[in-house]
Every structure is written in structure tokens, then in C-alpha cells.
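Take a look at the structure set out below.
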Protein chains: 2
Amino acid sequence: MTTTATTPRERMLLAKDAARTIGLLTDERKRDALLAIADAIEAAAAEIVAANSGDLERGRATGLSTALQDRLRLDEPRVAALAAAVRDIAALPDPVGRVLDERTLANGVELTKVSVPFGVVGSIYEARPNVTVDIASLALRSGNAVVLRGGSAAEFTNAALIRAMRGALADEGIDPEAIQTVDDFGRDGAKALMQARGIVDVLVPRGSAQLIETVVTESSVPVIETGAGVVHIVLDASAPLDWARDIVVNAKVQRPSVCNSVETVLVHRDAASGLVPPIVAALQERGVTVHGDAVVAGLAAEVVPATDEDWQTEYLSLDVAMHVVDDLDDALAHIRRYSTHHTESIITTDDANAQRFLAEVDSAVVMVNASTRFTDGGEFGFGAEVGISTQKLHARGPMGLAELTSSKWLARGSGQVRA
Amino acid sequence: MTTTATTPRERMLLAKDAARTIGLLTDERKRDALLAIADAIEAAAAEIVAANSGDLERGRATGLSTALQDRLRLDEPRVAALAAAVRDIAALPDPVGRVLDERTLANGVELTKVSVPFGVVGSIYEARPNVTVDIASLALRSGNAVVLRGGSAAEFTNAALIRAMRGALADEGIDPEAIQTVDDFGRDGAKALMQARGIVDVLVPRGSAQLIETVVTESSVPVIETGAGVVHIVLDASAPLDWARDIVVNAKVQRPSVCNSVETVLVHRDAASGLVPPIVAALQERGVTVHGDAVVAGLAAEVVPATDEDWQTEYLSLDVAMHVVDDLDDALAHIRRYSTHHTESIITTDDANAQRFLAEVDSAVVMVNASTRFTDGGEFGFGAEVGISTQKLHARGPMGLAELTSSKWLARGSGQVRA
């Protein structure tokens, strides 16, 4: 199922046109469309894996890092996992048509605020074929058309996935133009997408801090920023050792490559001698390199001296920064300066300090006595995750299907005019 | 109460710093601060009017239009009205701290999503001193600091208003740096505000389509677009003449200079001969110039021939475009092409057509049998209006205090880690 449109703008206009009918589909039709997409992806597995081999081959030839190659790779089990994820999204409740507010004016005009699809959702991302399927499915489930720009490294793979998804829509009698790619236009495609105000309603960048920065800076389409996580855990003077150690180790080690893993541990001076040695040892046992200040280095062995650079770094690896602070004020000041406002947690048994931390830390998710790894749409019970918003407009923190909808006011009168 | 900061960035950083304490103020303290501001504005009335005379004098010398001069003018009664508006905002309920969502995870972690201030709200507007007081008051009531850029034409007036407001905050023991202006930096101030990502959390432009376009295009700070209104009323085949005439006249004549006034009336062909003559006559009686297509011109006298230009025009004056359409599909297609997605209304007694109109028109407010003039925060019962959003992200339609808040997730655990 290929398109006849020959420019990025033409493709986006086709998506906009398709959005009209997609937005009016019933819950059942949208669910069926996603199940058909899941089947089509599985049926095209061989073709998708072959296309992916082509991307990988070109990646090796052009010196793509092995980490990126791994993220790019699709084998048959991974394709099956993609299809399974689509079926999970199909099973979620329809986020469209919820009544968000109701009021009747004194003159009898009835107002109802209902959730509606955005219309056209754009996404710019890099070398992650799973995002192609994920964002397209989430967009369709919420009644939106989608325009994708997945980067040249995954171009063949994305094309194969999109072909399968568009074919499934056509077979279901749904306008296949609801799924568009601008990958084949290279950077011009990304540029057109960022300038498509009035055609594309919202743009969700996913990928490196650099990519997100570019999109936020260059886009005239409203952007939902899914940002980096320089995530902090504060060990208060009253932090119990077992909670502190278990949470820090979990937040660092369980999956270091993701944005909700901890990057900096701030330890209250009064608790440093009791907490630093066993926690550093527990981290090092699991292969973590601890970058610490002079106090930390004085309390534990094999600590790499930390510089200001470390406090700003999202390692995304088995590295963690550790800094001893004078008190809670000092910890809060450090967080204000270095946090990316994603997630911060305090380990404490002091209620007043817990309350202060919850009130004063300006991040999407603020925790007391829990691992930062819980900042996740799946963990929050959303069933799916569009991303984790680090901006304050529209959505903040883990985003589910509801965050892919807008609203509109319906007013029903019987001839009323304004006095 | 003047500031020592000498660059736009320094001023914005002072606002960001002040936002921390403003965001933690109790409901009562915020209310008292606004009442003090209202008193201070009244007390400074003579000074404000004198500053305004200076602006008006310069405006006349530089050829400012009489319409803009009128919008700029402040006399003592208008200053009193500004103070009264601040008191109205003081009386509104606190939008901060509302529980928006609650859930307890299977592992016992308790999640609460609460409304929080944005932090720093920026606004760029033109020659409207009332916006200076309005936006500052709305921002403070919702726990935000504010950075204002009100344009050179109102510079003296805005400076006097801001001096009074900052003085009131200082007298109340509240950080006066919560109210900042970058007016004295000219275009550099506006530029700095649009590029202040990470310092300013949201930017609300208010004014001409040109100004809004510039802000949306150039800003890397998230923007809430309060756009123009090319507002349509559709007169269906079943439209009762009295409703149709009363609503069209009200929507055009009651206050033609505002964005929710009607600009284009679309008349179903089957009803044209019955509706066009009396409605054109009723409009003309009230001084309205009707710009109509050939069918309209054939049914009524003194109709100015309409061109494609008319369908795109937000007249904001006693002018209205009128076009006869073949059917509801034709009306919907016209609206898709020319609407600015602000407000559209259909006059009909046909339930199916009403339902279709509500479902298919993609505007912030979609009405049946009511005047488009109801699209207004005051009319909707919000008590105040930040503006009318024509974008789909974060806020759509009339915005009240709630739309000047973001949210954050609070997570309370007892040592939980992710499995």
C-alpha cells in the first residue's frame, strides 16, 4: 500500500484529510484496525527482517555504533513482540469521547467539554523501529493520523513496517493515508514536519537530548518534550540503610540505559559515614563506577573523583555520581541547579522533610521512599506509554493514550443570544 | 519598587527565583496580595494616568491609529475598572493543589497527581495596558511569577502599573521580583523572552494575528496560541427565521471588534430565499455591510460582491460575509477551508444535522442554536479569562485560572523497588 504523494507536504495533507475519518471511527473499529495491524506485522515478519538486515548492513558500512545497531536490530521474536505490543494497545479503553466538564449556563445553554483526537500527530525519532509501530498504534487508538520521521538508519525497516500497517488499514476499509512517513525525504522531511503548523497538530520527538533540542528549537508545530533524565535520589539524615541501599541499587542497576534510572545520589552529611560505605560497596559489587566528591572518596575505595561535569551528566550506564550535602536546603539547591525535572526521590523517615521535598521539587514525578524506576506509563497503570514529558504544558510525566487527545466544547442552545 | 537587574535574562532569572516562593504561598496570601495590588493601582491612579498621557502624546506624534490610541487610553474610571478586575480575580478559588488523579500501585506506592503553578508565565502583547494588570493578576492568583512584554506604545503606562503592583507585593512581604517587564529592552526584550526556554515555562501572546504568528514561529518556549476568529454560523435548511436572525445579528453586532463575533454566514440553498432577505435587512438596519455571493446579491439589496478574500477575513467590524451553500457537506467543507478553529454555530432543528455538526467541526467551541458570542471565559463561568486558545495542546477554547497550572505526580512509598 504505497502513496502517490510526492512531497512531504502532500503526504501530510493526506494524513490531515484521513484524520477526519479516523477521528470519527468507533471504539470497535479502531480496535479491529489495530488487531489487523498486529496480524499484518506478523505476516510480514520475513520481509521486515530482510529490510532490517539491509539497514544493519548499511549501518556497519557507515560505522553505526554497536549500541545503535543493537537498538536497530529486528529478528523474528522481536517482530512478534512488536505485534504483541500493538494487541496490548488495541485492548486499552478508547480515550476519545470522555466528558471532561459539563455546565449549564443560566440562560439554558448546555456546555459539554469532551475529549477529541488531536488530528495529526507527528513524531521524529532515531533508529528505533519499535517507535514506528508504537507511535502509529497509539495515535490510531486515540483517533489520530500520524506522520513519522524515523531517521535514515532505519529507513528500510520503517518502510517495511509502514507498508504492512498501511496494508492492514486498507484491508479493514480504513483510509491508509492515516499512516505517513517522510523518511524518504531525508532532512527535508524532518524540516517539513517541524514547519507543518496548521497541518500537524502536535509533534513528539523521541531520542537523544540533541534531537529533542533541535525539534524544540526549530518546530513551529507545538511540541511535547520527552526529555532526558538527570535523576536524583536524596538520602536524608534519617534514611534507613536498607531502603537507601535497595532503592539506589535498583534505580541504578535494574536498567541503567533508561531515563528514569538514577544518575546522582545526594547524601546528607550527618548520615554519610553510615550510608556511603555500604551503598558504594553494593553498587560496586554490581559493576557500578561511583563518581564521588572528596567526602565520598574519603569514605569508600575506588571512587572516581567527580567534577561539575558529573553533576550534569545523564550517564545512561553503570555509572553514578555521589555528592555529600550539608542539609536538605543544600540538596534542594543542587537539584534546582542540575535536575532535568524528570524524577527525584528522597529516602527519609522524617515527615516534615518528605513534605518539603514533595512541595518544593519542581519535577514531573517527585517521590518519597520509592525507586525512580517507577516513573513509567506501564508502572503507573496506563497500559502504554507515549513517552515521559518533561515539559509543563499539556502533559507532565508518563503519558498514556489520554495525552494524545485534545478537547472541544460542545454548546447546545435553543436560540440564545448574549445580552 | 525597581529592580537592579540590567539584562532581560537577569530579570527573567529573578522571576524564576521568585516563582519558588510564590508557588508555595497559601490561598489566603495570594488573595491578600491581589487585594493589595488593587488598592495600590487605585492609589497610583494619578501617576498612571499621567504616564498614559505621555504614551498617548508619543503615539499621536508617531502616527498611532486612533483605534490603537483608544485601546491605549487610561483615565481614572478605567484605572478603577482595572483595580475592580483584580479584586474579581482575587475572589476566584485557588487553582493550585487540586487532586487531578489518584492511584495506588499493587506494591503499595501511592500516586497523587496535583495541580501546580507553571512557574514563570510570559506574555507578549501590544498597546493594551489592561493586559498588563490582567495577566499579572491571573499569574499570581495561580502561583506563578510573570514576565511581561507590553510593547513600546504603552511603555510608560505599563511601567507605572508594574511599579504599583511590585510595590504592593513588597508591602505584603512577597518577593516583588515575581512581576517583571522586559519592555525597556525593546525588541531584544521580546526576543529574550521567546528564547528563555528553561526559565520561562509558558508564553501567552495576545494581540494581532501577526504578533501571534511571530511568537509561535520564533519561540522555543512552549506557547499557548490565542488566535484569531474567522467564526462561522451555518443556517441549515430547517433554521427557524427568528433564531437565525436573532443569533446572526447578536453575533455580529453586539461587539464586532472581538474574536467570537461572526464573520461568515453560510446559508443552505433551500432556505436562502426565506432567510437571506430578512436577515440582510436586519443586519443593514444596524449598520452592517453584507459581503455576499451572487445568490445573496440576487435576494437582497445593497450587497457588496464577496471575493475569496472575504471568506478568509476576520473583519472585526460591522461587516459580514454571506455565502449560499448546497448542503451541510458544502458548509462543512467551507468551514474546513476557512475556519480558524475558534467557534462555529449551526442553526437547525434537524437533530441529525446538529449531531453531525458537533462531531465533525474541528473547532475549540462548536455550537447548535446559540450565539458565537458565548465563547468567553466569563460567560462559561470561569470568572476570568486568560484568553481563548485556538491550539489543541494543553488548553482549547476559553482559558481560566486552571489553564495557568501544570501538574506533578507525587509518589509515596515505603522502600519499594521495581522488580
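The values are calculated or read from the model by the stated rules, or taken from the named source; none is laboratory data. What you see is a predicted model, and the numbers here were worked out from it, not measured in a lab. Counting neighbours? That spans all protein chains shown, and the Cβs are built from the backbone with ideal geometry, glycine included. In case anyone asks, the SASA skips ligands and DNA or RNA and just uses the protein heavy atoms, side chains included. Shrake-Rupley method; radii C 1.70, N 1.55, O 1.52, S 1.80 Å.
Leaving out ligands, DNA and RNA, and with a 1.4 Å probe, what % of the accessible surface on the protein assembly as shown is carbon or sulfur?
The C+S portion of the solvent-accessible surface of the protein assembly as shown is 50 percent.
Comparing B:HIS341, B:HIS268, B:HIS394, which has the greatest mean-square fluctuation in the GNM of chain B with Cα pairs linked when under 10 Å apart?
Of B:HIS341, B:HIS268, B:HIS394, the Gaussian network model singles out B:HIS394 as fluctuating most.
By DSSP, what percent of the beta bridges with both residues in the stretch A:231-374 are antiparallel, rounded to the nearest 5?
0
Taking A:ASP188 in one copy and the same position in all the others, each labelled 7 Å out along Cα→Cβ, what are the pairwise distances from the first, in nm, shortest first?
Going from nearest to farthest copy, the values are 4.0 nm.
Taking every DSSP beta bridge with both residues inside the protein assembly as shown, roughly what % is antiparallel (nearest 5)?
So the antiparallel bridges in the protein assembly as shown amount to around 25 percent.
If you take the accessible area of B alone plus A alone and subtract the pair, what total do you get in square angstrom, rounded to 100, with a 1.4 Å probe?
That pair hides around 6000 Å² of surface in total.
Using alpha carbon centroids, what distance separates the stretch A:145-216 and the stretch A:355-415, in Å?
So the separation of the two Cα centres works out to 24 Å.
Could you list, in their original order, any pairs among A:LYS30/A:LYS113; B:LYS113/B:LYS392; B:LYS30/B:LYS113; A:LYS252/B:LYS392 whose Cα atoms are separated by more than 26 Å? Before the final figure, lay out the partial values.
On the way: A:LYS30/A:LYS113 22 Å; B:LYS113/B:LYS392 22 Å; B:LYS30/B:LYS113 22 Å; A:LYS252/B:LYS392 37 Å.
Checking Cα-Cα distances, A:LYS252/B:LYS392 exceed 26 Å.
Nm distances between the label at B:ALA170 and the same-position labels in the remaining copies, 7 Å along Cα→Cβ, shortest first?
Sorted ascending, the copy-to-copy spacings read 7.1 nm.
Near A:ASP94, within a Cβ-to-Cβ distance under 14 Å, what is the net charge of the other residues, with Lys and Arg +1 and Asp and Glu -1?
Charge balance near A:ASP94 sits at +2.
Would you please classify the overall shape of the stretch B:1-153 from the alpha carbon gyration tensor, given that a ≥ b ≥ c denote the square roots of the eigenvalues, rounded means a/c under 1.5, and beyond that prolate means a/b larger than b/c while oblate covers the rest? Walk me through the numbers before you get to the answer.
Details: a/c = 2.54, a/b = 2.07, b/c = 1.23.
Taking the square roots of the gyration eigenvalues as a ≥ b ≥ c, the stretch B:1-153 is prolate.
Would you tell me which residue of chain B has the beta carbon closest to the rotation axis bringing chain B onto chain A, and how many whole Å away it is?
Nearest to the symmetry axis by Cβ: B:HIS394, 2.
For the stretch A:105-125 and the stretch B:55-120, what is the separation of their Cα centres, given in Å?
Cα centroid to Cα centroid, the span is 23 Å.
Using a 7 Å offset from Cα along the direction of the beta-carbon, what are the separations from A:GLY274 to the same position in each other copy, nm, ascending?
Computed spacing set for this position: 8.5 nm.
Just to be sure I understand: of the beta bridges DSSP finds with both ends in chain B, what percent are antiparallel, rounded to 5?
Of those bridges, close to 30 percent are antiparallel.
Using a 1.4 Å probe and counting only protein heavy atoms, arrange B:THR390, A:THR375, B:THR26, A:THR289 so the residue with the most accessible area comes first.
B:THR26, A:THR289, B:THR390, A:THR375
Can you bin the stretch B:313-406 into rounded, prolate or oblate? Criterion: square roots of the alpha carbon gyration tensor eigenvalues sorted a ≥ b ≥ c, rounded for a/c under 1.5, prolate for a/b above b/c, oblate for the rest.
Cα axes put the stretch B:313-406 in the prolate bin.
Ranked by accessible surface with a 1.4 Å probe, highest first, in what order do B:TRP311, A:TRP243, A:TRP409 come?
Highest to lowest solvent-accessible surface, that is A:TRP243, B:TRP311, A:TRP409.
Once you have the Kirkwood Rh of chain A from its Cα pairs, apply Stokes-Einstein at 20 °C and 1.002 mPa s and quote D in µm²/s.
Translational diffusion coefficient: 92 µm²/s.
For B:100-108, what's the mean count of beta carbons from other chains sitting within 10 Å of each residue's beta carbon?
The shielding value for this peptide is 2.
Shielding by partners for B:239-251, please: the mean number of other protein chain Cβ atoms within 10 Å of each residue's Cβ.
That average works out to 2.
Take the alpha carbon gyration tensor of the stretch B:231-374, find the square roots of its eigenvalues, order them as a ≥ b ≥ c, and report rounded if a/c is under 1.5; if not, report prolate when a/b exceeds b/c, else oblate.
Note, shape of the stretch B:231-374 comes out rounded.
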